[in-house]
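This report concerns only the one structure given below.
The values are calculated or read from the model by the stated rules, or taken from the named source; none is laboratory data. As the structure is a prediction and not an experimental result, all values here were calculated from the model. Don't worry about glycine lacking a Cβ; one is built from the backbone with ideal geometry, like all the others, and counts go over all protein chains shown. Remember, those area values only see protein heavy atoms, side chains included, never the ligands or the DNA or RNA. Shrake-Rupley method; radii C 1.70, N 1.55, O 1.52, S 1.80 Å.
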Amino acid sequence: MLARVASEALSGLEGHPVVVEADVVAAAPAFSVVGLPDASVQESRERVRAAIVNSSYEFPSRRITVNLAPADLRKEGPSFDLPIALAFLLATGQVRDGSDGRGPLAAVGELGLDGSLRPVAGALAVAQSLRARGVRGLVLPAGNAAEAALVSGLEVYAAASLSEAVAQFEAGGGAAAPPVDLDGLLTTAPPGEADFSDIFGQDGVKRALEVAVAGAHNVLMTGPPGAGKTMLARRLPGIMPPLTRDEAIEITRVHSVAGLLPSGEPLVVRRPFRAPHHTISSPGLVGGGGTPRPGEVSLAHLGVLFLDEFPEYRLSALEGLRQPLEDGEVTISRRLTSVTYPARLMLVAAMNPCPCGFAGDPGRECVCLAHRLRQYRSRLSGPLLDRIDLRLDVPRVPPRDRRTAQPSEASAAIRERVSAARRRQTARLAGTGAYANAHMTARHLRRYCLLEPAATAKLDRAYDRMRLSARAADRIVKVARTIADLEGAEIITVAHVSESLSYRDRRGEYRG
């Protein structure tokens, strides 16, 4: 007897329809799975066999052939366990199809040997794909129910075991999981503990970081050990605008596919802050592997990627950042597939001025040899540095200054100014595909970045004297546009360009 159950395969963040076909015939006992399955799908035969027997169903000694169609799409992961088991039970007549004319249900889920259902990665992306194709409902593990229920217009049926999934399937769905209150989850998100009011001094650096966050600009901080670079970076998510519904869903989708959603938290409600160690591999940072997975640049999508000890990262990993920083996405190609992950992030890098960390420090003597200093700084290529908008010196703050300094401004107050600037950018860039000044193209610059004559003249002089590339000159204008947005100004003035140049000209090469 032949039976079919609908399911879904993920390629990156995109879902593809899969039909699980089970054929059971009276012949020499065998159990085969075909349709380009990977090793984890092949192993599903043993999980399905044990789960069926331990759930008090029969597993007859017959020839069983399971086909995952279409056969030219690679199937990966354990999420096909449940549809394979359901198709087998349908084919052997132990389960009846309860679709009752309202359309079939799809199924995904990993089976334990005892018949329990375990959560799978990517449930949100699966649910979105099924809804887009008009599928009525989805049977899946209870641990994924709240995540899938984020998708309106799709009936979600949770099951804790194979027996419960069979009951849902025979009833045509039964009681669907209630929809999740997206707005409620976002408005009740607890604030981060790290606050800018904890930082004393560093007023110039904090102003520059406010500008950077307001326009989603990339930043490189240089300073001696203990100057507070990491402390500053960890407080940046707290001054970023609150997540919108669409942004929260987009971030959650990436984390779901990566299998990184915490248990009991179906939605990412705060902007991500990712800080991988400098020993990370290129696939770990940018994404990849035999089965392409999101890297740190994608996990930091719409948030902050913090790379401490910037020159210590592998050269291949650093150079791999160039595409996502420029395009806002990363494409990973393999022999059988090519996937694209979003990577619209704010890069915040930190480094010491030299290997010992004290070059230029008035209180400590640098002991680095000249060739070691050149070697250390040469690890950052010109094309990579060109993609960093603000380069900041972060000096050490003496203990006596920290004791006598006035309390710093709280993150909430800075976030209000940043959010107002972002709202201006969102309105200006509506329909362009960009949501912040850092993402404007050359066409956007000509249309939205009007400079007064004195500002244009100053920029032209800086281009010649600082030997700027065309990309660097454009980025200076983008930062100046952000400074103007923080002030609510429509025209970019010479003061805006001067401040933008100061963030690019760390060594004081230009004073025109």
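Averaged over its residues, segment 295-334 has an accessible area of 32 Å² per residue, based on protein heavy atoms and a 1.4 Å probe.
Note on the chain: with charges restricted to the Cβ of Lys and Arg (+1) and Asp and Glu (-1), its dipole about the Cα centre is near 1820 debye.
Coupling constants for segment 381-388 follow from the phi torsions by the Karplus curve (6.51 cos²θ - 1.76 cosθ + 1.60, θ = phi - 60°), and in residue order they are 6, x, x, 6, 5, 4, 8, 9 Hz; glycine and proline get x.
Relative to the Cα centre, the charge distribution of segment 225-302, modelled as +1 at Lys and Arg Cβ and -1 at Asp and Glu Cβ, gives a dipole magnitude of about 240 debye.
Full extension of the chain between ALA71 and SER99 gives 7.5 nm of extra length, using 0.36 nm per residue less the Cα-Cα distance. Could you tell me how many degrees, from 0 to 90 and to the nearest 10, lie between the Cα long axis of helix 494-504 and the main elongation axis, the longest principal axis, of the Cα atoms of the chain? Helix 494-504 sits roughly 70 degrees off the main axis of the chain. Contact order for segment 361-493, expressed relative to its length and based on alpha carbon pairs under 8 Å spaced 6+ residues apart, stands at 29 percent.
How big is the equivalent ellipsoid of segment 9-74 along its three axes, where each semi-axis is √(5λ) from the Cα gyration tensor, reported in whole Å from largest to smallest?
Working: eigenvalues 118, 40, 19 Å².
For segment 9-74, the ellipsoid semi-axes come out as 24, 14, 10 Å.
Considering only the other residues whose Cβ falls under 12 Å of the Cβ of ILE280, what net charge follows from Lys and Arg at +1 and Asp and Glu at -1?
Charge balance in the 12 Å sphere: -2.
Our summary gives the chain a relative contact order of 13 percent, counting only alpha carbon pairs under 8 angstrom and 6 or more residues apart.
With kT/(6 pi eta Rh) evaluated at 37 °C and eta = 0.692 mPa s, and Rh the Kirkwood radius from Cα pairs, the chain diffuses with a coefficient of 128 µm²/s according to Stokes-Einstein. Here segment 147-208 is described by how far its Cα atoms reach on the three principal axes: 66, 23, 18 Å, from widest to narrowest.
Computed from backbone phi, the HN-Hα couplings of segment 34-41 come to 10, x, 6, x, 8, 4, 5, 6 Hz, rounded to whole numbers (Karplus: 6.51 cos²θ - 1.76 cosθ + 1.60, θ = phi - 60°; Gly and Pro given as x).
Work through the residues other than ARG335 whose Cβ is under 15 Å from its Cβ and net out their charges, Lys, Arg +1 and Asp, Glu -1. Walk me through the intermediate numbers first.
On the way: positive: ARG74, ARG334; negative: ASP38, ASP72, GLU76.
For residues surrounding ARG335, the net value is -1.
Each label was represented as a point 7 Å from its Cα along the Cα-to-Cβ direction; for MET231 and ARG447 these points are 4.4 nm apart.
Within segment 35-142, list the GluC sites (Glu not before Pro) lying in a DSSP loop whose Cβ has at most 11 other Cβ atoms in a 10 Å radius. Before the final figure, lay out the partial values.
Working: sites: GLU43, GLU46, GLU58, GLU76, GLU110; in loops: GLU43, GLU58, GLU76.
In loop regions of segment 35-142 (DSSP not H, G, I, E or B), the sparsely surrounded GluC sites (Glu not before Pro) are GLU58.
By the Cα gyration tensor, segment 149-248 has an equivalent ellipsoid whose semi-axes, rounded to whole angstrom, run 47, 14, 12 from largest to smallest. Of the solvent-accessible surface of segment 57-98, computed with a 1.4 Å probe over protein heavy atoms with every protein chain present, carbon and sulfur atoms account for 41 percent.
Over the chain, dividing the summed -39,500 (n - 2.57) contributions of all DSSP H runs of at least 4 residues by the number of residues returns a 222 nm mean residue ellipticity of -10500 deg cm²/dmol.
Spin-label model, HIS371/ARG423: points 7 Å from Cα along the beta carbon direction are separated by 5.9 nm. Estimated at 0.36 nm per residue, the fully extended path between ALA26 and ARG461 surpasses their Cα-Cα distance by 148.1 nm. Of the residues ILE64, PRO37, LEU82, the one whose Cα sits farthest toward the positive end of the charge dipole of segment 33-91, with +1 on the Cβ of Lys and Arg and -1 on the Cβ of Asp and Glu, is ILE64. Applying the Karplus relation 6.51 cos²θ - 1.76 cosθ + 1.60 with θ = phi - 60° to segment 358-371 yields 3J(HN,Hα) values of 10, 5, x, 7, x, x, 9, 8, 6, 10, 7, 6, 4, 5 Hz, where x marks Gly and Pro.
Annotation: per residue accessible area for segment 128-236 equals 36 Å², rounded to a whole number [probe 1.4 Å, protein chains only].
Remark on segment 335-382: Rg and Dmax equal 17.9, 57 Å (Cα only). Measuring nothing but protein heavy atoms, the accessible surface of segment 359-403 at 1.4 Å probe radius is 50 percent carbon and sulfur.
If you wrap segment 300-392 in the convex hull of its Cα atoms and look at it from every side, the mean projected area works out to 7.4 nm². Take the Kirkwood radius over Cα pairs of segment 387-441, plug it into Stokes-Einstein at 4 °C and 1.567 mPa s, and you get 89 µm²/s for translational diffusion. Full extension of the segment from ARG133 to ARG379, taken as 0.36 nm per residue of separation minus the current Cα-Cα distance, would add 83.8 nm. By the Stokes-Einstein formula, at 0.692 mPa s and 37 °C, segment 169-326 with its Kirkwood radius over alpha-carbon pairs has D equal to 185 µm²/s. For ALA159, the amide hydrogen comes within under 5 Å of the amide hydrogens of LEU140, ALA142, counting only partners 5 or more places away or on other chains and with H modelled in the peptide plane. Under 5 Å from the amide H of VAL18 lie the amide H atoms of SER7, GLU8, ALA9, each residue being 5 or more positions distant or on a separate chain, with H modelled from the backbone and absent for Pro and chain starts. Protection proxy ranking for 426-433, 338-345, using the average of other Cβ atoms within 10 Å per residue and placing the highest first: 338-345, 426-433.
Projecting the Cα atoms of PRO179, ALA212, GLY264 onto the dipole axis of the chain, where Lys and Arg carry +1 and Asp and Glu carry -1 at the beta carbon, places ALA212 farthest toward the positive end.
Electrostatic tally near GLU164: other residues with Cβ closer than 14 Å to its Cβ, Lys and Arg +1, Asp and Glu -1, net -1. Amide H contacts for VAL330 (H built 1.01 Å from N in the peptide plane; partners 5 or more residues away or on another chain; cut-off under 5 Å): TYR341, ALA343. Projecting the Cα atoms of PHE196, MET466, GLY238 onto the charge dipole of the chain, computed from C-beta unit charges around the Cα centre, puts MET466 farthest toward the positive end. In segment 114-270, Cα pairs under 8 Å separated by at least six residues give a relative contact order of 25 percent.
Rounded to a whole number, what % of the accessible area of segment 436-489 do carbon and sulfur atoms account for, probe 1.4 Å?
Numbers: 1250 of 2610 Å².
Carbon-and-sulfur percentage of accessible area, whole number: 48.
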